[in-house]
Amino acid sequence: MLLKILLVEDDDNLANGIRYALEQEGWSVVVAGNVSSATDLYRSQLFHLILLDVMLPDGNGLDLCRQIRESSDIPVVFLTARDEEVDVVMGLESGGDDYIAKPFRLRELISCIKANVRKHSRDTSEHGLRVIRSGGITLSMTDFESTRKAIKYPSHRLNSEF
């Protein structure tokens with residue numbers, strides 16, 4: 001499955017490094033450098049996971065996470081330099097699913113992403129929300145795709161008079 005990740009990180013060098021590493025895993029990564037652009041992207045696109053820094057130039061990642069939690073259960077992983085116990089607790093209590101302190105090991109981050117997406121997929125499938133089918137329409141909640149089956153009418157119906 002192609003994962004689409006929103007990376008909210010204000011350090012351009014770090015964001016580019018993380019994006020490159022995650023794209024090497026075959027994932028799509030969209031970067032936002034502040035709360036405002038992250039909010040716009042989150043509202044306009046569908047993502048499988050959000051990597052979120054706490055300290056951002058125009059706001060706080062904790063507040064953004066709370067805002068996201070009002071409408072979504074998308075996995076949110078904090079990726080931040082704040083590593084005190086109180087920071088971790090605040091991150092998790094604000095709705096974060098996981099918390100990784102900088103500096104971090106890349107393979108650990110990748111494994112964390114896979115675990116959170118796997119858990120989220122399992123949770124939604126337990127509630128029957130993975131794929132919804134109605135008539136000729138299919139919605140995939142994990143891939144964020146929809147398909148519509150073409151309706152074929154018997155030829156005798158096309159020639160009938162009304």
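The values are calculated or read from the model by the stated rules, or taken from the named source; none is laboratory data. In this text the structure is predicted, and so the values were computed from the model without any measurement. Glycine gets a Cβ as well: all are built from the backbone with ideal geometry, and neighbour counts include every protein chain shown.
Odds and ends about this structure:
- Checklist (1) assigned to a helix (DSSP H, G or I); (2) touching a Lys or Arg at 6+ places or on another chain (Cβ under 9 Å) applied to L7, failing item: (1)
- Entry remark, the range 1-60: residues being surrounded by 12 or more Cβ atoms within 10 Å (Cβ to Cβ), hydroxyl-bearing (S, T, Y) and under 20 Å from I100 (Cα atoms) number 0 in total.
- Residue, nearest to I18 (Cα to Cα), within the range 73-114, restricted to residues that are within 15 Å of the chain's Cα centre (by Cα) and of a type in the set (D, E, K, R): K114
- Which listed residue, of D123, D98, D83, D73, is at pLDDT below 90, of a type in the set (D, E) and under 27 Å from E9 (Cα atoms): D83
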